[in-house]
Amino acid sequence: MKKILVTGGAGFLGSHLCDQLVSEGNQVICLDNFFSGSEQNISQLLPLSNFKLLIQDVTRPLKMEVDEIYNLACPASPRLYQQFPMETFKASILGSMNLLDLAKASGAKIFQASTSEVYGDPQLHPQSESYFGNVNPIGPRACYDEGKRGAETLFFDYHRQHQVEIKVMRLFNTYGPRMSATDGRVVSNLILQALQGQDLTVFGDGSQTRSFCYVDDTIQAMQLMMDTSKECTGPINVGNPAESTILELARLILELTGSKSKLSFLPAGADDPLKRQPNIELAQKELSWQPQLALQEGLLKTIAYFQSYLN
Ligand code: UDP
């Protein structure tokens with residue numbers, strides 16, 4: 001069995017990945033500083049002998065012997081990262097450098113959770129991996145976007161210069177159980193508002209689009225990529241190409257929850273991308289992967305999670 005380090009392992013994606021890796025019998029070390037992750041997400045794993053929690057910041061150098069590293073450590077919600085830009089930028093850049101050094105020293109494969117934000121407010125639609133993006137380097141989202149772009153640079157330079165085996169995946173919006181109830185993402189916000197009879201907050205006119213992928217599909221893609229041959233470095237887009245406007249999402253959530261809530265239109269955030277949809281041809285080809293769960297089914301599972309969260 002493999003020894004696997006998951007940074008950001010107590011976060012939304014990280015905890016689902018740890019669940020999966022632990023259930024396959026691997027020795028899993030979950031590193032998290034609980035900045036945006038929570039102990040509750042991994043409480044089911046804590047008693048298990050093949051799971052170890054390390055409460056530490058990725059910006060501090062690490063020494064250990066591992067076979068694989070998944071780097072998921074970074075605040076990912078626009079509300080949170082705009083409130084803590086330095087912490088966000090450092091987590092991406094210093095975190096990546098430390099983990100790449102660790103990968104180099106221990107001969108481990110290393111996966112980087114990159115993001116569709118590297119495309120910024122895209123002028124190409126849908127976005128494919130060859131598109132270089134349209135990012136404002138000095139805007140309020142830059143700490144995240146440029147941090148993740150810089151991390152990709154580091155990954156590819158370590159690969160070229162030191163032959164580190166890298167796997168870079170660009171994740172588009174992912175949703176599901178264990179999304180933070182307080183970080184202001186659109187799916188969690190709208191579901192919680194609908195369940196509590198509050199107005200659903202739609203930023204701008206709601207015509208901006210996102211493509212939402214259910215968490216289990218995303219985790220499967222990550223594991224498939226880790227198991228590809230050395231030559232498969234990415235970047236590979238992973239997301240659900242089914243695109244919807246925020247207004248469509250809000251209406252679907254009202255329908256699925258049976259809520260009588262109204263919509264409340266608020267000003268759009270600065271540099272909020274207007275369109276986002278992955279071209280996933282590369283993931284289909286390299287990973288033989290494509291998302292299985294439709295938005296409606298995934299939302300029902302997420303609604304059930306937030307219902308029990310509120311009770
Ligand atoms: N959004 C919204 N209402 C909310 C939260 C977000 O209309 O309560 C919008 C936001 O402006 C953006 C989209 O939903 O256009 C997705 O936002 P989120 O923060 O979930 O993720 P992003 O894709 O921007 O990183």
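The values are calculated or read from the model by the stated rules, or taken from the named source; none is laboratory data. Computed from a predicted structure; not experimentally measured. Neighbour counts are summed over all protein chains in view; Cβ atoms, including those assigned to glycine, are modelled from backbone coordinates with ideal geometry. Side chains included, ligands, DNA and RNA excluded: accessible areas come from the protein's heavy atoms. Shrake-Rupley method; radii C 1.70, N 1.55, O 1.52, S 1.80 Å.
General remarks:
- Unit charges on C-beta of K, R, D, E only; dipole of segment 97-175, Debye: 180 debye
- GNM flexibility winner over the chain from R251, R276, R149 (Cα, springs under 10 Å): R251
- Between the residues L254, G234, Q290, the greatest Cα displacement towards the positive end of the dipole of the chain, with unit charges on the Cβ of Lys, Arg, Asp and Glu, is found for L254.
- In a fully extended conformation the segment linking T59 and Q284 would gain 77.6 nm over its present Cα-Cα distance, using 0.36 nm per residue.
- Listed residues N71, N237, N189, most fluctuating in the chain (Gaussian network, C-alpha, under 10 Å): N189
- Cross-linked pairs K104/K301; K148/K285; K3/K167; K90/K262: Cα-Cα separations exceed 28 Å for K104/K301; K90/K262.
- Among beta bridges identified by DSSP and lying wholly in the chain, the antiparallel ones come to about 10 percent.
- Averaging 1/r over each pair of different alpha-carbon atoms in segment 69-158 and inverting the result gives 13.5 Å, the Kirkwood hydrodynamic radius.
- Accessible carbon and sulfur surface of segment 28-180 relative to its total accessible area, %, 1.4 Å: 53 percent
- Taking every protein chain into account, the accessible area of segment 207-306 amounts to 46 square angstrom per residue (probe 1.4 Å).
- Share, in percent, of DSSP beta bridges within segment 174-293 that are antiparallel, nearest 5: 35 percent
- Segment Q44-M1, length gained on full extension (0.36 nm per residue, minus Cα span): 13.4 nm
- Over the C-alpha trace of the chain, radius of gyration and Dmax come out as 18.6, 58 angstrom.
- Where chymotrypsin sites (Phe, Trp or Tyr not before Pro) fall in DSSP loop in segment 1-35, at most 16 other Cβ within 10 Å: F34
- Förster radius 35 Å - calculated FRET efficiency between Q198 and T228 (Cβ-Cβ, nearest 0.05): 0.20
- Gain on full stretching of the segment that runs from D205 to Q307 - 0.36 nm per residue minus C-alpha separation: 33.9 nm
- Among M86, M64, M225, residue whose mean-square fluctuation peaks in a GNM of the chain (springs only between Cα atoms under 10 Å): M64
- Residue-normalised accessible area of segment 1-141, expressed per residue, 1.4 Å probe, Å²: 44 Å²
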